[in-house]
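The values are calculated or read from the model by the stated rules, or taken from the named source; none is laboratory data. Keep in mind it's a predicted model, so treat the numbers as computed, not measured. Heads up, the Cβs are rebuilt from the backbone with ideal geometry, glycines too, and the neighbour counts pull from every protein chain shown. For the accessible areas, the whole protein counts, side chains as well, though only heavy atoms, and no ligand, DNA or RNA atoms are used. Shrake-Rupley method; radii C 1.70, N 1.55, O 1.52, S 1.80 Å.
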Amino acid sequence: MKISFVVFVYFFALSVSFSQVKKAPAYPLITHDPYFSIWSFNDQLNAEPTRHWTGAEHSLYGTVSVDGKTYTFLGQPISEASTLVPSGNEAEARVHYTFEKPAPNWNAENFLAEPWQSGLAPLGSDVENAAPKTKWTSKEVWVICDFELKEIPEGKVQLNIFYDDDVQVYLNGALAYECSPCYVNDYVIREISDVAAKSLKIGKNRMSIHCTNDRGPGFIDAGLISRGKMTAPEKATQKSLNVTATQTNYTFTAGAIDVSVTFTSPLLMDELEVLSRPASYITYSVKSNDGNSHNVQLELQAAGQIAANNSTQKIQFNNFEIQDLNVSQAGTIDQPVLQRKGDNVRIDWGYAYLVTPPKFGVKKIIDNRLTSAFDFRKVGSQAAEAHSILAYDDIYSVQYFGKDLRAWWRRNESMTANQMLLNAEKDYDRLMKKCESFDRKLFADAKTSGGETYAQLCVIAYRQAVAAHKLVAKPDGSLLFFSKENFSNGSIGTVDVTYPSAPLFLYYNPELLKGMLEFIFEYSESGRWAKPFAAHDLGTYPLANGQTYPEDMPVEECGNMIILTTAIANREGNASYAEKHWKMLTTWVEFLKKEGFDPGNQLCTDDFAGHLARNANLSVKSIVAMAGYGKLARMLGQSSIADEYESLAKSLAKKWMALANDGDHYSLAFGAPNTWSQKYNLVWDEILDLKIFPLEVAENEIAYYLKKQNAFGLPLDSRMTYTKSDWILWTATLASSRKDFEAIINPIFKYVTETPTRVPLSDWHETINGKQVGFQARSVVGGYFIKMLKKK
């Protein structure tokens with residue numbers, strides 16, 4: 001009986017590990033940090049190229065040959081880009097332009113452009129990552145560029161464009177591309193319409209562009225690139241897809257062979273060396289499905305684009321051996337270390353590595369590719385297994401007040417990329433077992449906390465939340481854990497991004513949360529930030545040299561810093577971290593005591609909704625923060641201060657209930673009847689065991705929210721129908737019953753599995769149709785773990 005019970009438990013555990021999540025907006029493949037991040041944006045792994053989280057192609061291409069016939073199981077054939085029409089950034093490009101609205105036929109192929117002004121592209125004002133050659137400061141500009149083609153390329157033609165803000169591009173009078181409202185802060189590759197591509201001809205051609213600058217600096221420049229025509233082999237048939245916290249597994253049939261491919265990023269928070277190490281494993285398993293033996297070879301290619309910001313940058317490739325490992329290496333020729341910053345950008349310094357271990361591995365070199373190849377020879381019904389390692393060494397990761405910092409794994413100067421690869425290979429067997437064990441436990445713990453649907457949401461969020469950070473070492477050996485505001489504004493170390501993501505890190509390793517707060521404390525304590533409230537951010541990723549966000553969030557960020565410091569003390573059972581920063585915490589709580597209860601007209605973390613005075617949810621944050629400060633004081637033996645702030649918080653809570661009362665719920669803002677909002681900040685009152693607000697506040701709110709839900713979730717508040725899924729999980733955690741909790745999170749699961757927007761999970765979406773409104777791949781989905789944190 002004991003033996004059969006163990007066997008049952010073992011196979012049950014395996015079934016949990018390999019039957020967790022079947023559907024997501026996009027699927028994590030290689031996930032380590034904001035630069036080293038490759039995803040599949042399609043349910044079928046071999047339907048389209050794999051991409052960086054921003055959407056730029058970061059191509060992985062996998063094929064398996066069975067008895068001489070080749071099948072594609074991963075991505076699409078990698079085609080090299082060449083410049084067809086250079087942008088003004090690449091070469092001298094003379095254009096005609098006007099700032100006055102032209103005739104309606106301005107975009108026609110034969111429009112007379114000579115009367116317009118003449119100058120060199122790019123046009124604009126000073127922006128990050130590029131420089132204009134012609135000044136443009138008005139709201140609109142129209143640009144015409146004539147170019148000659150000696151031949152029509154056989155492959156795909158794409159735009160290489162930098163636009164700020166909205167843009168329309170025409171080729172020979174045909175609309176090629178348009179985007180509104182939008183902007184980018186660097187050169188990006190964009191697809192063009194079929195009709196525009198077909199309009200290209202030998203001889204003279206014309207590109208006509210209209211760019212609108214609604215806000216901030218303006219910039220426009222464009223060129224064309226072409227990609228060689230590639231013929232893909234027959235696709236292997238995808239049979240299954242399964243996502244766990246650290247792994248994504250696919251199975252295929254390729255003729256008489258079954259193929260399993262597993263992508264593992266070992267983001268294990270109890271091993272910071274491994275968490276920081278930028279090395280993912282790709283495991284292949286092949287076996288016969290017809291009872292016969294077959295000759296099988298498998299190959300993985302990776303594009304050099306993984307090491308570049310865009311496809312026009314020149315890449316240098318190298319191949320070498322480290323002990324018994326075959327290694328392919330790629331990096332830009334220029335190597336502009338820490339010279340590029342911004343949001344929609346990718347790394348263009350450091351080196352990508354694709355490693356082939358000796359088991360079944362064969363040395364194969366392909367020009368302009370990273371390559372890993374295996375010869376399984378004769379494969380029968382017993383599976384044969386091999387793996388590759390895809391890694392990235394960024395040399396230096398973050399600049400911190402003028403000092404270039406290394407990643408945590410590289411904090412000792414004796415550590416090299418070669419040694420990192422050897423360590424990753426040495427750890428393969430151990431980490432694969434540990435990842436599978438961790439994935440099973442995460443799912444089981446989340447299911448116990450909030451049910452199976454909740455567990456699936458946590459699985460989908462895990463790798464995204466962790467990989468939106470970079471773990472670096474200060475010169476003194478202490479750690480900093482920087483987030484990037486992906487597709488928000490590119491800020492680094494934003495406090496109100498740390499706040500929603502914090503539950504994940506509090507649950508698994510509070511040291512990482514300290515690493516997310518420490519630089520904000522230091523910013524104020526050093527005197528660089530002299531205001532009596534906490535900063536919003538530390539710069540624009542990866543340059544952490546001081547706040548770059550144009551407006552402060554005084555109550556928001558003070559409340560966040562105090563609440564999270566209290567949460568660390570609550571989690572660790574002591575207030576030693578708070579004691580280290582007590583003077584700063586005192587300055588901030590005194591600011592809240594003066595300004596926090598009835599906030600002035602200011603932004604909160606939901607800044608996309610605009611300024612709001614007397615924000616009731618922001619007031620809750622302030623009250624909870626003051627109570628948290630009181631709890632910290634009591635833990636530090638400062639009883640009189642503790643009594644003062646606990647008493648103050650309780651009295652303010654009663655006052656809040658009177659001012660925000662709107663009948664059967666509480667209003668969006670004081671003095672704003674017939675409004676409502678999610679009071680997600682209230683969740684910390686219970687998690688931190690503060691007991692400031694009566695239970696009826698949360699109970700009344702939950703009952704009201706259940707009447708306001710739409711198909712894809714509960715709106716953020718009464719002003720709009722969009723929402724933030726991280727806040728919904730916090731709001732749901734206010735519910736006292738599992739039934740109400742599930743009723744609030746189920747529409748989020750519907751959104752995650754049915755959204756038509758196929759990008760790494762967006763936390764800001766429409767509750768009516770499930771479409772992304774903005775943001776993607778952000779760390780804030782770490783907030784999904786708040787139900788687990790509450791239970792813990």
Share of Cα-Cα pairs in the chain beyond 52 Å, whole percent, is 15
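What FRET efficiency comes out for the pair residue 154/residue 719, r = Cβ-Cβ distance, R0 = 45 Å, nearest 0.05? Before the final figure, lay out each step's value.
Working: r = 52 Å, r/R0 = 1.15.
The value I calculate is 0.30.
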Looking only at lysines whose Cα falls under 19 Å of residue 791's and that sit 8 or more positions away or on another chain, we get 441, 447, 691, 739
With the charge dipole of the chain built from beta-carbon charges (+1 for Lys and Arg, -1 for Asp and Glu) about the Cα centre, the Cα from 731, 344, 110 projecting farthest to the positive end belongs to 731
Taking the alpha-carbon centre of each part, the distance from region 676-719 to region 474-505 in Å is 26
Of the candidates 624, 656, 636, the farthest towards the positive dipole end of region 580-714 (Lys/Arg Cβ +1, Asp/Glu Cβ -1, centred on the Cα centre) is 636
Expressed in square angstrom to the nearest 10, the accessible area of residue 720 with a 1.4 Å probe stands at 100
Answer in debye to the nearest 20: the dipole magnitude of the chain about its Cα centre, from +1 Lys/Arg and -1 Asp/Glu charges placed on Cβ, is 1420
Subtracting the Cα-Cα distance of residue 572 and residue 385 from 0.36 nm times their residue separation yields 63.1 nm
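By how many nm would the segment from residue 526 to residue 67 grow when fully extended, if each residue of separation counts as 0.36 nm and the alpha-carbon distance is taken off? Write down the numbers at each step before the final one.
Numbers: separation 459, 0.36 × 459 = 165.24 nm, distance 6.67 nm.
Between residue 526 and residue 67, full extension yields an extra 158.6 nm.
Before rounding to the nearest 500, sum -39500 (n - 2.57) across all DSSP H runs of length at least 4 in the chain and divide by the residue total; then give [θ] at 222 nm in deg cm²/dmol. Walk me through the numbers before you get to the answer.
On the way: 18 runs with 234 residues, N = 792.
Helix contribution divided over all residues of the chain: -9500 deg cm²/dmol.
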Regression test value, accessible area per residue of region 276-433, probe 1.4 Å, units Å², expected 40
Applying the gyration tensor rule to the Cα atoms of region 374-470 (axes a ≥ b ≥ c; rounded if a/c under 1.5, else prolate if a/b exceeds b/c, else oblate), the class is oblate
1/(1 + (r/R0)^6) with r = Cβ-Cβ of residue 321 and residue 295, R0 = 25 Å, i.e. FRET efficiency to nearest 0.05, evaluates to 0.45
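Once you charge only the Cβ atoms, +1 for Lys and Arg and -1 for Asp and Glu, what is the size of the charge dipole of region 76-150 about its Cα centre, to the nearest 20 debye? Intermediate values should be presented prior to the final figure.
Working: 6 positive and 11 negative charges, 37 e Å.
Here region 76-150 has a charge dipole of around 180 debye.
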Simple SL model, points at 7 angstrom along Cα→Cβ for residue 240 and residue 140; separation in nm is 5.7
Here the cysteines of the chain without any disulfide-compatible Cβ partner under 4.7 Å are 145, 211, 435, 458, 558, 604
Residue by residue through region 506-516, the couplings from Karplus 6.51 cos²θ - 1.76 cosθ + 1.60 with θ = phi - 60°, in Hz, x for Gly and Pro, are 4, 5, 9, 6, x, 4, 5, 5, 4, x, 8
Between the alpha carbon centres of region 101-162 and region 169-215 the gap in Å comes to 9
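Which order do 230, 269, 657 take by accessible area at a 1.4 Å probe, largest first? The partial results should precede the final answer.
Details: 230 95, 269 5, 657 35 Å².
Output order, biggest surface exposure first: 230, 657, 269.
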Charge dipole of region 271-373 built from unit charges on the beta carbon (Lys, Arg +1; Asp, Glu -1), centred at mean Cα; most positive-end Cα among 329, 293, 360 is 329
Taking Rh as the Kirkwood radius computed over alpha-carbon pairs of region 581-719 and applying Stokes-Einstein at 4 °C with viscosity 1.567 mPa s, one gets a diffusion coefficient in µm² s⁻¹ of 83
Hits in region 111-144: amide N under 16 Å from the 7 Å Cα→Cβ extension of residue 92, namely 118-122, 133-134
Heavy-atom accessible area per residue of region 125-245, all protein chains kept, 1.4 Å probe, expressed in Å², is 44
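How much of the accessible area of the chain, in percent, comes from carbon and sulfur atoms when a 1.4 Å probe is used? Walk me through the intermediate numbers first.
Numbers: 14300 of 29020 Å².
Carbon and sulfur together cover 49 percent of it.
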As straight-line cross-link partners of residue 403, the qualifying lysines (C-alpha separation under 24 Å, not fewer than 8 residues apart within one chain) are 341, 470, 474, 484, 514, 531, 580
If amide H atoms are modeled at 1.01 Å from N in the peptide plane, then the residues at a separation of 5 or more from residue 176, or on another chain, having amide H under 5 Å from its own are 169, 170, 171
Computed about the Cα centre, the charge dipole of region 591-734 from +1 Lys/Arg and -1 Asp/Glu charges at the Cβ has a magnitude in debye, to the nearest 20, of 160
So the FRET efficiency between residue 704 and residue 768, C-beta based with R0 = 22 Å and rounded to 0.05, is 0.70
The rounded separation in angstrom of the Cα centers of region 571-641 and region 748-774 is 32
Between the modelled labels at residue 366 and residue 108 (7 Å from Cα along Cα→Cβ) the distance in nm is 4.8
Taking a crude spin-label model, label points 7 Å out from Cα along the C-beta direction, the residue 131 to residue 375 distance in nm is 5.3
